[in-house]
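First the structure, in the form of structure tokens, and then the observations on it.
The values are calculated or read from the model by the stated rules, or taken from the named source; none is laboratory data. The structure presented is a predicted model; accordingly, all values stated were derived computationally and were not measured. Because the Cβ atoms are built from the backbone with ideal geometry, glycine has one as well, and the counts that use them run over all protein chains shown. Surface accessibility is based on the protein's heavy atoms, side chains included, excluding ligands, DNA and RNA. Shrake-Rupley method; radii C 1.70, N 1.55, O 1.52, S 1.80 Å.
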Amino acid sequence: MTTSRFQLAFPDGHPGGDVLVIGARAADDLDPLTAGRTRIEQPMFTDHQALTARGFDAAPSVDGVFQTVIVKLPRAKPAARARIAAAAARLGDGGVIWVDGQKTDGVDSLLKEIRRLTPVDEVHSKAHGKIFRIDAASPDWVPLDWAAAPREVAPGFVTRPGVFSADGVDPGSHLLARHLPEKLPTRLVDLGAGWGWLSAQALARAGVEVLHLVEADRIALQSAEDNIKDARAHFHWADARDFRLRDPVNGVIMNPPFHDGRDADPRLGAEFIANAARLLTGAGRLWMVANRHLPYETVLRENFAQVTEIGGDTRFKIFEASGAGRGSKNQRR
């Protein structure tokens, strides 16, 4: 059996006491940790559900003091720093922080940065990554600006480290908002609502009576809750691909993702489209933006009777679709 980085760090098995892991994903190898003595902070809905199914106590946010905190590095450096700051703040006296990450996610540069701030006592390299230990008597070594504080990126809108388009309004969402009609359907869903900018543009249109914001990233959804103070808005921490409502809606807007971590996966957008069709009435309408190179026309026509490209530029294309459930997929049955 191949030895993992965790097994190099913990050769004697689960470390003493309860362990907090920040950022573990669904398929991560967490041996030799004991599920019953390990808590996992994971704000992504799909990863949270999978880890819970594996027997771990997972939550989008975890309180408490721990003797061992393990940080799994994300790709975005501000989010990585925020996780380390959160780990240091929850460390008990004599506790240790372990930081685990891939070279492609910047573990080497972060290790150099931390070594300039505090001693690093142990480093293990394995499988194109590193895991290293920080023994810190207090969290005072962590720069104050590493904490995950809200940041205003547009007038009236804040984001937090690591969320999609954390530095400003996504160009695709901006283009989609320009193509939304002046009057929208009464009951809307924003699938993959992020930090709420597109939903806010929809709420500014006439006609909207209720808008459901569906987002898998609880940190992004927290920002959306900060950004939208409107009684018509309802916030759902859920997977947009299988989100359900009791009654169908007559409008869906979306800027679906096409990456799972670092890996491109156009199937994500296809699953968003299929679920949009399930959520809509037959007379309802979908408005969506996609990167121009993504081949979504086929799946749109499989799920909708009418599909029209209503705008775009060299980077993006904007679709409007109607006739949910009457596409070519249904005609073949």
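Scan the stretch 3-21 and give yes if some residue there is closer than 23 Å to Ala166 by Cα, open to solvent by 30 Å² or more (accessible area, probe 1.4 Å) and of a type outside the set (Gly, Ala, Ser), otherwise no. No. Taking the listed residues Asp239, Asp265, the one that is charged (D, E, K, R), open to solvent by less than 60 Å² (accessible area, probe 1.4 Å), closer than 30 Å to Lys103 by Cα and touching a residue at least 40 places away in the same chain (Cβ under 8 Å) is Asp239, with no other qualifying. Pairs meeting the criteria (first residue in the stretch 312-333 and of a type in the set (Asp, Glu), second residue buried (at least 19 other Cβ atoms within 10 Å of the Cβ) and modelled with pLDDT of 95 or more, beta carbons under 9 Å, at least 6 apart or on different chains) are Glu320/Arg285; Glu320/Leu286; Glu320/Trp287; Glu320/Met288; Glu320/Val307. Residues in the stretch 106-126 that are open to solvent by less than 70 Å² (accessible area, probe 1.4 Å) and in contact with a strand residue (DSSP E or B) (Cβ under 8 Å, 6 or more places away or on another chain): Val107, Asp108, Leu110, Leu111, Ile114, Thr118, Val120, Glu122, Val123, His124.
For every residue, the table says whether it meets (1) part of a strand (DSSP E or B); (2) aromatic (Phe, Trp, Tyr); (3) at pLDDT 95 or above.
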residue	(1), (2), (3)
Val208	no, no, yes
Leu213	yes, no, yes
Gln222	no, no, yes
Lys229	no, no, yes
Phe243	no, yes, yes
Asp247	no, no, yes
Ile253	yes, no, yes
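Only residues that are under 23 Å from the mean Cα position of the chain (by Cα) and in a strand (DSSP E or B) were counted across the stretch 278-310, and they come to 6. Take the conditions (1) under 18 Å from Leu198 (Cα atoms); (2) part of a strand (DSSP E or B); (3) touching a Pro at 6+ places or on another chain (Cβ under 7 Å); Phe272 misses just one of them, which is (2).
Only one of the listed residues (Thr46, Thr38, Thr34) is over 26 Å from His128 (Cβ atoms) and either out of contact with any Cys (no Cβ under 6 Å at 6 or more places or on another chain) or open to solvent by 20 Å² or more (accessible area, probe 1.4 Å) (or both). That residue is Thr34. Here Gln67 fulfils each of the conditions (1) modelled with pLDDT of 95 or more; (2) of a type outside the set (Ser, Thr, Tyr); (3) surrounded by fewer than 23 Cβ atoms within 10 Å (Cβ to Cβ) apart from (1). Applying the criterion of being part of a loop (DSSP other than H, G, I, E, B) and of a type in the set (A, V, I, L, M, F, W, C) to the residues of the stretch 1-15, the residue that is modelled with the lowest pLDDT is Met1. Evaluate the following for Ala27: is it open to solvent by 40 Å² or more (accessible area, probe 1.4 Å), hydrophobic (A, V, I, L, M, F, W, C) and within 21 Å of the chain's Cα centre (by Cα)? The answer is yes for Ala27. Pull out all pairs, ordered by first then second residue, where Cβ-Cβ is under 9 Å, the residues are six or more apart or on different chains, the first lies in the stretch 91-104 and is closer than 20 Å to Gly64 by Cβ, and the second is of a type in the set (Lys, Arg). Short answer, once both residue conditions are applied: Val96/Arg133; Ile97/Arg133; Trp98/Arg133; Val99/Lys72; Val99/Arg83; Val99/Lys130; Val99/Arg133.
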